[in-house]
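Report on one structure; see the data block that follows.
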Amino acid sequence: MTGGLSVFVASSQDTLPGNAVLPTSRMGQEPLDNPQETIHKQASEFLMSGTANDLYCDGSVSDSLYDMIRDDLFVDVNHSCVVVKGRLRENIAFWQNIGASNWLLRVIREGYCLPFVELPEVKFFQNHRSALCNAEFVSAEISKLLKSGALVEGSPADLLVCSPLGVAMNSSGKLRLIVDLRYVNQHLRSCKFKYEDIRTAADLFQKGDWFFKFEYTSGCHHVEIFPEHTKFLGCS
């Protein structure tokens, strides 16, 4: 590796199917400094309130207006950054009070330990072509992750594995930064699990029921990595 290489170490967990780590962002919680942010804050409070849901359900708010407020709000959600690292540990008393398992409490206190079957050999990979072709986007995403604390900057001497960065594009053309962790994953215990399916839903819902969906953006960034294992989660 060259002396001028900048390397980064994942300090929080965000894993996806397909052996990738995906950084995400959320709307910041900084004080609002301009009228546009004030409007968006008020729209957010209205949209998330019970009043908004009641008005929408009885037809007082049109579909188009409701969607306009929601879409305008969510545009800003993806352009800001909020620091969530360490929040679980700061509120560990809550998890103790609700009877969380010893394993979960240990993860909150000490960080998530990668379930190694065997330790990987030292490997430094070159970034994928997709990352090189979208260098400006990659730099911007890394900057967000550094600000949020999900990544920390280090040196090659700090790492045992430096995995390649890549950029994926979804069907709508949106770019997503990934860390290709296939090499590391080869050395981890595979833990299989099964999601609920439509048969479960059929037992829960009745005709006329309402439901909503939500997403914990940066949700996995709440879970920190056990410090001794961050050396296996480098990228450059």
What number comes out for the charge environment of Ala168, summing +1 per Lys or Arg and -1 per Asp or Glu over other residues with Cβ under 11 Å away?
+1
Packing-wise, with mean Cβ within 10 Å as the measure, how do 174-183, 129-138 rank, highest first?
174-183, 129-138
Residues Gln206 and Ala157, FRET efficiency given R0 of 41 Å [Cβ-Cβ distance, rounded to 0.05]
0.10
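Coordinate-derived values only; no laboratory data. Quantities reported herein were computed from a predicted structural model and do not represent experimental measurements. Cβ sites come from the backbone with ideal geometry, for glycine too, and all protein chains shown count toward neighbours.
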